[in-house]
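First comes the structure, then the notes that go with it.
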Amino acid sequence: MRTTVGNSTKKSARILGIETSCDETGLAIFDNERGLLAETLYSQASLHREYGGVVPELASRDHIRKVLPLLRQTLTDAGLRPQDLDGVAYTAGPGLAGALLVGAALGRGLAWALDIPAVGVHHMEGHLLSPMLANPDLRMPFAALLVSGGHTQLLKAEAIGRYHLLGDCLDDAAGEAFDKTAKLLGLGYPGGADLARLAEHGQAGRFVFPKPMTSRPGMDFSFSGLKTHVLHKVEEYRSQGRLDEQTRADIALAFQVAIVDTLVIKCSRAIEATGVSDLVIAGGVSANAMLRTALDDWGSSHGVHIHRPELRWCTDNGAMIAYAGCQRILAGASEGLTIRIRPRWPITELPALSG
Ligand code: KG4
Ligand code: ZN
């Protein structure tokens, strides 16, 4: 069987994906004919928890410890030998330099030893394409909301590698705002999922927080003011000895509602601006149940199809890197022997698929 990517017809490919951009070591093997063959994931969250955030040097060292055992495990689970691989994709950026280097050095070295192509994948392109792991029929153009710990972006995806930025975050990303607010409420790192769990017990309407940058036109985001708003509310109640469990849950809910409403409003503007009827939402915060429901409700009442990754592929993983790399390798991409990372790498500067 042959598969069409872009304008070219290429044969099958089994691609190893390596994700080490932050605090997850993720490996996976994606086969363009058979789908995902295996994936392994190790989260460093417990390592960083006592520091309240990711410590870059500890992250790099832990990737070094974990990446080879996970590679062996992934190959075993897929029933493959290294020489059965057709290419290697590793996250080249954006991310923590030392952490990226671990995956890049392994990926580039392995590809050299096996004499197969290697490509450096953009982490956010991995997130962007992640819904295609479960739904390969999804076609561009579509609008996309990328919401992770480091990014909140709206874009129009015209083709793989051709992304037009509609809106960006001016300060804290949505995931970062979740994490910082969770910390204010006494929750551990990363706090997004825990804050969402706390919010389930909140009383709607007791607190109403502002929806940042929704009263003026545009699709940019700013969440640091909202976080400060929460800080003042927490301090007010703490100083009065009234920061009880219910109040914490009510604040968590009000914060989550403000974020979700803001994201939905900006998504509706993106759909209006682009005229497309498909919206992808991806990245760690796309795991948020309230956001998923709100976007689904909005989509079904406005004739917009919402596409999201499966829950396990919302947060960082190797499968999305293997998938994105597979598309590029099938289109003929291969990099030289230089190990190249880009800790800062705008998604608008990606090479488009030439194929
Ligand atoms: O995409 P991701 O795994 O890593 C980055 O590329 O940054 O996103 C991680 C972010 C964290 O800020 C985490 O708190 C947030 O995603 N997150 C959530 C949920 N699950 C993860 N935020 C809100 N609700 C969730 N259920
Ligand atoms: Zn990510």
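We did not get these values from a lab; they are worked out from the coordinates using the rules stated. This is a predicted model, so every value here is computed, not measured. Glycine gets a Cβ as well: all are built from the backbone with ideal geometry, and neighbour counts include every protein chain shown.
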Under 16 Å from a label point 7 Å along Cα→Cβ of Leu68: give me every residue in segment 86-106 with its amide N that close. 102-106
Using modelled amide H (1.01 Å from N, peptide plane; none on Pro or chain starts), what sits under 5 Å from the amide H of Phe221, excluding residues fewer than 5 places away? Asp168, Cys169, Leu170
Take every DSSP beta bridge whose two residues both sit in the chain, then give the antiparallel share in percent to the nearest 5. 60 percent
Here FRET efficiency (C-beta to C-beta, Leu47 to Ala273, R₀ 51 Å, nearest 0.05) is 0.75
Helix-only mean residue ellipticity at 222 nm for the chain, each DSSP H run of n ≥ 4 adding -39500 (n - 2.57), per residue, nearest 500: -13500 deg cm²/dmol
Which links in Lys156/Lys233; Lys66/Lys156; Lys183/Lys211; Lys11/Lys66 stretch past 27 Å when you go from one Cα to the other? Lys156/Lys233; Lys66/Lys156; Lys11/Lys66
Order the peptides 123-131, 211-219 from the highest to the lowest mean number of other Cβ atoms within 10 Å of their residues. 123-131, 211-219
Place the peptides 35-43, 315-323 in order of packing, highest mean first, counting for every residue the other Cβ atoms within 10 Å and averaging per peptide. 315-323, 35-43
I'd like to compare 231-240, 165-174, 101-110, 87-96: which one has the highest average count of other Cβ atoms within 10 Å, and what's the full order after that? 87-96, 101-110, 165-174, 231-240
